[in-house]
Amino acid sequence: MTIDSTPFLAPGVAWGLVVIFSVLWIALGVTWGRRGKGDADEYMLAGRNIGLALSTATLMASWVTGNTTLLAPEFGYRTGLWGMFSYALAGLGLILFAPLALRIKQLMPSGRTSGDFIRLRYGRLAWWVFMLITAIYTFGFLMTQAMGAGLLLQALSGFDYHVGMFVVIGVATVYTLFGGMRAVIGTDFIQSMLIMVLLAVVAVLAFRLFPMPAVHSQLMEHHPDRLNLLLPAGLLIAWNSALFSMGEVFHNNIWWSRVFASRRSVVMNSFVLGGVAWMSVPLVTGSIGLVALARELPLEQINMVFPVMAADLLGAGGAALVFVVVFASLTSTLDSLLASTADLLAEDVYFRLFRPQATDVQLKHAAKLMVVALALVTLLLSWPRLDSLASVLFFTGSLVASTVWPVACGLYWRSANAAAAIAAMLSGSIIGLLAYNLIAPYCAAVFSAALSALVMLIGSRCSSDRFDFALLQEEA
Amino acid sequence: MTMVPNTLAVLIDATWFSVVLLGSQFALGLSVIVLLLIWWVEWRAGRLW
């Protein structure tokens, strides 16, 4: 099965599903967006009073990306159990961020973005380094989701690559633009439910048709390495995955915006619950990759293993289920990226850097403009089609893993200082990129996080600086 | 080049293989139920948003 060959789903059915879910997301998003006071905090942070259910679900839905439904089965297919485990370990990023989330909520009750924290804690120079890293990561992430949308919808339903990409970005942009963070979080709840329920249905049906003992004996006979619990590459990928995810979560405004949007009493629990719930998703989708391997299913495009398996086992119904899961995964991640990145640009660049005298109305207007601008830039960057997205993902790992310790230490250590944070981010990024190029892409985050930890530790211990955490309580 | 000896391989048996896969499916199902339950409790108390 190649991306250009026969689609799994009749285009008419696919268009029907797209129309139904697009209308639903936009209608709900616009409706929810009308609630609340209508000020900038309402638009950017949904009123700062989100409860446990919505907070947990939005973390889940944002973290279930197109990659989780495509790359995790590929990991299972290529590296077996450790492929699944290593992808699932990305959930550790959310779980380990939980105590930091509570600390952020305590230290910055009026904060809006991760950039706010870096600027107030380490100053403007560190902020520039941090913003460069987050910009590269965010555009890489946006591109992988946009290109994933084009490629997936083409493979599943025969849509033209550009049409599929335009539809997904367009729908996510419309409801994010009109409903703000409240629309993003509200639709995330339904999207996370859809993703989890439909994945469970696909997995249960798949293993009913091809039972687990049969899968195990086939793997034992033909691919015993996939069942090896001491697979060296698997162990390294697992470490990399955990550290990469920590870098993604600790620095990116997707997760910081959820901290500021949630009630203080639920913020820690939502990150723990969201992380634990999320971990089951790549394990389940990864196990589908194992079934494909056991069945010796011919695959020309390994990242299509999940749709191929679903269509092979469950026919057109299976293809329709996968289509809905993928559409929900892509829109739930894209809306979060658009909203939180627009907040970051509006708050940190427009308001704090260029127009500190801007009114609340102007700030909200700027955030809306940023949503549209980001969507257009993403469309432009993703227009040329690239078939390999994994390399883009691993490349950014070398950068974001270097931010873990400057963020974590900055929240707890008074002695953490600007020079150490800048040196940690730069040295970690450089060693990570070297490891990416000279050793292997999947070890970049390990090197980056290790060196930046060392630099941050030494730089903080040798410093006589003592930061006053009260300085983080800036007026919104 | 050092060859990794085969004795380092630890292969998971059929029982544990099933435990891992069934456990992940159970965890996924449980997540849905718990999340819906929390949503219902918060919705009844008017504490969703």
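The values are calculated or read from the model by the stated rules, or taken from the named source; none is laboratory data. The model shown is predicted, which means the values in this text are computed figures rather than measured ones. Note that we place each Cβ from the backbone using ideal geometry, even for glycine, and neighbour counts take in every protein chain shown.
The table below lists the values:
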read-out: Residue within the range A:1-20 that is within 14 Å of A:S336 (Cβ to Cβ), away from chain B (no Cβ under 13 Å) and not in a loop (DSSP other than H, G, I, E, B) present; value: no
read-out: Close pairs from the range B:16-28: first facing chain A (nearest Cβ under 7 Å) and within 16 Å of A:L227 (Cβ to Cβ), partner aliphatic (A, V, I, L, M) and buried (at least 17 other Cβ atoms within 10 Å of the Cβ), Cβ under 6 Å, at least 6 apart; value: B:S18/A:M212; B:L21/A:M212; B:S24/A:L283; B:S24/A:V284
read-out: Single match in A:L313, A:L297 (criterion: farther than 24 Å from A:T396 by Cα, free of Cβ contacts under 8 Å to residues at least 40 places away in the same chain and more than 14 Å from chain B (Cβ to nearest Cβ)); value: A:L297
read-out: Selection status of A:R263, within 11 Å of chain B (Cβ to nearest Cβ), basic (K, R) and crowded, with 23+ Cβ neighbours inside 10 Å; value: no
read-out: Filter result for the condition that a residue is of a type in the set (A, V, I, L, M, F, W, C), touching a residue at least 60 places away in the same chain (Cβ under 8 Å), buried (at least 23 other Cβ atoms within 10 Å of the Cβ) and within 14 Å of chain B (Cβ to nearest Cβ), over A:M193, A:M181, A:M165, A:M147; value: A:M181
read-out: Residue within the range A:378-391 that is among the charged types (D, E, K, R), at pLDDT 90 or above and surrounded by fewer than 20 Cβ atoms within 10 Å (Cβ to Cβ) present; value: no
read-out: Boolean, A:I133 is aliphatic (A, V, I, L, M), touching a Phe, Trp or Tyr at 6+ places or on another chain (Cβ under 8 Å) and part of a helix (DSSP H, G or I); value: no
read-out: Hey, A:W278 crowded, with 23+ Cβ neighbours inside 10 Å, within 14 Å of another protein chain (Cβ to nearest Cβ) and either more than 20 Å from the chain's Cα centre (by Cα) or within 14 Å of A:A98 (Cβ to Cβ) (or both) or not; value: yes
read-out: Subset of the range B:29-49 that is within 10 Å of the chain's Cα centre (by Cα) and at the interface with another protein chain (Cβ under 7 Å from one of its Cβ atoms) - its residue that is farthest from A:R208 (Cα to Cα); value: B:S31
read-out: Residue in the range A:211-220 that is more than 13 Å from every other protein chain (Cβ to nearest Cβ) and either more than 18 Å from the chain's Cα centre (by Cα) or over 23 Å from A:I254 (Cβ atoms) (or both) present; value: no
read-out: Residues (among the small types (G, A, S) and within 14 Å of another protein chain (Cβ to nearest Cβ)) located in the range A:39-52; value: A:A46, A:G47, A:G51
read-out: Set A:I195, A:I104, A:I185, A:I190: member being over 17 Å from the mean Cα position of the chain (by Cα), within 30 Å of B:Q25 (Cβ to Cβ) and of a type in the set (V, I, T); value: A:I190
read-out: Number of positions in the range A:440-476 that are in a helix (DSSP H, G or I) and over 22 Å from the mean Cα position of the chain (by Cα); value: 16
read-out: Which listed residue, of A:R121, A:R103, A:R78, is surrounded by fewer than 24 Cβ atoms within 10 Å (Cβ to Cβ), at pLDDT 90 or above and in a helix (DSSP H, G or I); value: A:R103
read-out: Some residue of the range A:53-63 being surrounded by fewer than 24 Cβ atoms within 10 Å (Cβ to Cβ), more than 9 Å from chain B (Cβ to nearest Cβ) and of a type outside the set (G, A, S); value: no
read-out: Scan of the range A:206-257 for residues that are within 24 Å of A:F447 (Cα to Cα) and outside any helix (DSSP H, G or I), ordered by number; value: A:L229, A:L230, A:L231, A:N252
read-out: Matching residues, the range B:22-37, being of a type in the set (V, I, T) and surrounded by 15 or more Cβ atoms within 10 Å (Cβ to Cβ); value: B:V32, B:V34
read-out: Extreme residue, farthest from A:G83 (Cα to Cα), among residues of the range A:293-329 that are part of a helix (DSSP H, G or I) and of a type in the set (S, T, N, Q); value: A:S329
read-out: Per-region count, the range A:258-275, residues part of a helix (DSSP H, G or I) and over 17 Å from the mean Cα position of the chain (by Cα); value: 5
read-out: Test: residue in the range A:31-50 that is over 19 Å from A:Y175 (Cα atoms), modelled with pLDDT of 90 or more and either outside any loop (DSSP other than H, G, I, E, B) or assigned by TED's automatic domain parsing to the domain that holds A:G164 (or both); value: yes
read-out: Residue list for the range A:224-247, filter: buried (at least 24 other Cβ atoms within 10 Å of the Cβ) and free of Cβ contacts under 8 Å to residues at least 24 places away in the same chain; value: none
